[in-house]
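J.: Attaching a single structure in structure tokens format; questions to follow.
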Amino acid sequence: MYYYDPTYFLVIIAGVITMAVQFYMTSTFNKYQQVESKSGITASQAASIILSGSGINNVRVGHVDGNLTDHYAPTKKELNLSDATYNSRSIASIGVAAHECGHAIQDHQNMFLLNFQMSIVPVINFASRLSIPVILIGLVLSMMNLVKFGIILFAATLFYQLVTLPIEFNASQNAITVLRNQGIMDESELYGVKKVLIAAALTYVAAAASTILQLLRFVLLSSSSNRND
């Protein structure tokens, strides 16, 4: 028998938001990926310059496979740049590298939110893996207390994403500051970098928005099941 789920439109909205932001991020990065930096240095060279200029000498700049898989690993003290950025001389790639340096600067300054984020990762990973199965089992068996427990577990993912947002915004602010203060880019180039970093930040906002919509859907399904019991 066909079952109509009126809450499914929330999933569709979340999907549309995610795809739209991802398209904007990709198109913005590709646009400024075509603009070469006046300095003529690569993103990896820029990262080394920024780290050294920030008094950070214990972070290794490395290479990682993939496209825009750039990341900073605090526990390993590694700043890894992807295929798209490592050897690129574009302002987009240098901006991305500077953003990851922004995270290294946060770590160097012992930023509370970054330390807190790292400390809760094991708990968040456990909760996120368990949440959906618990919710589905609870709905199938009409065990509302189990559903509510699953929703609480799922909410942990949203909490983590909300903690991540100010960390990402701050890393982008750090990136703009060091690129300007260390003379790596002028204001006309920084305009493009800001565009790229804003687009990247929106992906985190979209992820949080999608999680909120999914969480709302689970709450509505739980309420509907309660009314039908």
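The values are calculated or read from the model by the stated rules, or taken from the named source; none is laboratory data. The structure displayed is predicted, hence computed values, not measured ones. As a convention, Cβ positions derive from the backbone with ideal geometry for all residues, glycine included, and neighbour counts pool all protein chains shown.
J.: What is the residue count in the range 171-189 for residues that are surrounded by 19 or more Cβ atoms within 10 Å (Cβ to Cβ) and closer than 18 Å to K38 by Cα?
T.: Residues in the range 171-189 being surrounded by 19 or more Cβ atoms within 10 Å (Cβ to Cβ) and closer than 18 Å to K38 by Cα: 6 in total.
J.: Shifting gears a bit: When only residues in the range 1-54 that are over 18 Å from A92 (Cβ atoms), in contact with a helix residue (DSSP H, G or I) (Cβ under 7 Å, 6 or more places away or on another chain) and part of a loop (DSSP other than H, G, I, E, B) count, which is modelled with the highest pLDDT?
T.: Once the filter is applied, the top-ranked residue is S54.
J.: Could you list all residues from the range 179-193 that are touching a residue at least 24 places away in the same chain (Cβ under 8 Å), closer than 14 Å to F29 by Cα and not acidic (D, E)?
T.: Scanning the range 179-193 gives G192, V193.
J.: Inspect all residues belonging to the range 116-123 and state whether any of them is crowded, with 18+ Cβ neighbours inside 10 Å and among the hydrophobic types (A, V, I, L, M, F, W, C).
T.: There is no residue in the range 116-123 that is crowded, with 18+ Cβ neighbours inside 10 Å and among the hydrophobic types (A, V, I, L, M, F, W, C).
J.: Right, here's the next one. Which of the numbered conditions does L139 fail, given that it passes all the others? Conditions: (1) crowded, with 17+ Cβ neighbours inside 10 Å; (2) under 30 Å from R89 (Cα atoms).
T.: So L139 meets the others, but not (2).
Residues checked against (1) touching a Lys or Arg at 6+ places or on another chain (Cβ under 7 Å); (2) closer than 25 Å to M19 by Cβ; (3) assigned to a helix (DSSP H, G or I):
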{"residue": "K148", "(1), (2), (3)": "no, no, yes"}
{"residue": "T157", "(1), (2), (3)": "no, yes, yes"}
{"residue": "A175", "(1), (2), (3)": "no, no, yes"}
{"residue": "L179", "(1), (2), (3)": "no, no, yes"}
{"residue": "E189", "(1), (2), (3)": "yes, no, yes"}
{"residue": "A206", "(1), (2), (3)": "no, yes, yes"}
{"residue": "A209", "(1), (2), (3)": "no, yes, yes"}
{"residue": "L216", "(1), (2), (3)": "no, yes, yes"}
{"residue": "S224", "(1), (2), (3)": "no, no, yes"}
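J.: I've got another one for you. Please go through the range 199-223 and give me each residue that is surrounded by fewer than 15 Cβ atoms within 10 Å (Cβ to Cβ) and touching a residue at least 60 places away in the same chain (Cβ under 8 Å), ordered by number.
T.: Result: L216, L220.
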